[in-house]
Structures are given as C-alpha cells and as structure tokens.
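Here the structure comes first, spelled out in structure tokens, and everything after it is commentary.
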Amino acid sequence: MSPLVLVLLVGAVAGVVAWYLQRRTAPDPQRGSSWTIPELVNRDDFARPDAPWLVVLFSSATCLACQGTAAKARLLESDAVAFEEVDHVDRKDLHERYGIDAVPLLLLVDTIGSVRRSFVGEPTATDLWAALAELREPGSVPPGCVDHD
C-alpha cells in the first residue's frame, strides 16, 4: 500500500470518528436549560404563608451570587411581601422536595403557591423590582422594562 493511500485512509477514519463523537456529545440548542424550576410551592413550608406574595431564594453559603441575590431580594420584604432564604445545608429537605439543582434560584410566588416568576442566577435589582411590581399591579411597569415569561 502506498504512503499516500495510507495517509488518506487514516485521515478518512479520523474524520468519521471525530464526526461521530461530535454528533454524540453536541448539546441540543432546542432543549434549553436543564435546571428544575418548581411551578408550585406549599406556602406552609415557609415562615409567613399568609403574606400576599412570597419571595423565596434557594441558596448555598458557598455561593457568592447567592449573597448578592439575597441582599437585593431582602429589600423587597414588607407586610405584603415575605422573603425567605432557603440555604442548601440548613434546609436540604426543601431543596430536595422542590428538585432544586441550581443556586441562586429566586421564586416570586402568589397567594396560592403558584410560581409566577423565577430567576436562575443573580438578577439585577431593576429586573427583580420590576418583575414583582408588574405581578402585584399589572401595567405598572412600562412595556419593555421587564421580561414576561
């Protein structure tokens, strides 16, 4: 067998193997993120179940983005808005119950426990405040100022 034929044969085999491996491990862009975001929570799992709105932050003590998210979300607390941070170590049971697999995960929850908005990762203060304002009073935020899921 000539050296040129051998080089072409090895190159063709390498190309087929590379194509197969890339096809087998390539992410599907249609699939989106794989993080679990609960659609419904039991308000009795939290300290102020009777507040009209609940802001829940699933976090971890070792997560720097969780600290920034907690600082922003804590400012939303009022008579009408309960805030609760759920640390992975302290309340592992809730992380497991709701299938939380990414932190920070922030949920904006209505009176019946329906998750009306969520943020995976640290939101900006503007996005967080605008999202809650729009949920509490639809039409209060100018169009384009907040994403609607």
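What follows draws every value from the coordinates through simple rules; no lab data is involved. For clarity, every value in this text was computed on a predicted model and none was experimentally measured. Cβ: placed from backbone, ideal geometry, glycine included. Neighbour counts: every protein chain shown.
Close amide H partners of R117, meaning residues 5 or more places away or on another chain with modelled amide H under 5 Å apart, are L108. Could you compute how fast the range 43-136 diffuses translationally, taking Rh as the Kirkwood radius over C-alpha pairs and applying Stokes-Einstein at 20 °C with viscosity 1.002 mPa s? Give it in µm² per second. The estimated diffusion coefficient comes to 164 µm²/s.
For the listed peptides 56-66, 129-139, a ranking on the average number of other beta carbons within 10 Å per residue, highest first, reads 56-66, 129-139. Computed from phi, the 3J(HN,Hα) profile of the range 63-76 under the Karplus parametrisation 6.51, -1.76, 1.60 (θ = phi - 60°) reads 9, 5, 5, 5, 5, x, 5, 4, 4, 6, 5, 4, 5, 7 Hz, with x in place of Gly and Pro.
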